[in-house]
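A quick write-up on the structure given underneath.
Derivation of every value follows stated rules applied to the coordinates shown; laboratory data play no part. Everything numeric here is computed off the predicted structure, so don't read it as measured data. Note that each Cβ is placed from the backbone with ideal geometry, even for glycine, and that neighbours are counted across all protein chains shown.
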Amino acid sequence: MLQHYRYPFNVWLTSVLIGPLVLLFKFKPTVATVLSSFFSVGFIEYYFVAVLIGGFCSIPCFLFLWLCYTLLIKKDTPVWLIRVALALVSLLCCIAVFIVMSLPDLKNFWGRGNIILISAYTIPLIAGVLMYKVTTVKSKSDGIEVQ
């Protein structure tokens, strides 16, 4: 199971590192204001806090994504089906993280702010699922071949 961690780790890390940047475009919609904010001290503080909190809170999602990926590649699942399944798993995990973070005010969960947060982290997740190479396991009569 340890040899198949790279794909889910890259997908998870893409979301953790790019999600805060996508959020910046929501709050500063023009390219000029995004660039001016990007090189400010406030952005650096915001970015590192967002990466630390987002990374820590989403560790269970990474582990679940890793488990699903490992199970799917061991069953000779086609690559396109692995990608679709992991995209759905990633979306549901992302929603679950924000549900847990919103437990005190769950009746207002589907508000605009939470949808923006979920979208900011889901877009890089789906992009990572589609972008990175899936390592498949093909059975041979004399053993297992990893591609």
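Within the shell of other residues whose beta carbon sits under 13 angstrom from the beta carbon of residue 66, the net charge comes to +2, with Lys and Arg scored +1 and Asp and Glu -1. If r is the Cβ-Cβ distance from residue 71 to residue 100 and R0 is 30 Å, what FRET efficiency results, to the nearest 0.05? The formula returns an efficiency of 0.80 here.
Here the Karplus relation 6.51 cos²θ - 1.76 cosθ + 1.60, evaluated at θ = phi - 60°, turns the backbone of segment 71-88 into coupling constants of 5, 5, 6, 7, 9, 6, 6, x, 4, 5, 6, 4, 4, 5, 4, 6, 5, 5 Hz, with x for every Gly and Pro.
What does the charge add up to near residue 132, with Lys and Arg as +1, Asp and Glu as -1, over the other residues with Cβ less than 13 Å from its Cβ? Around residue 132, the charge tally is +3.
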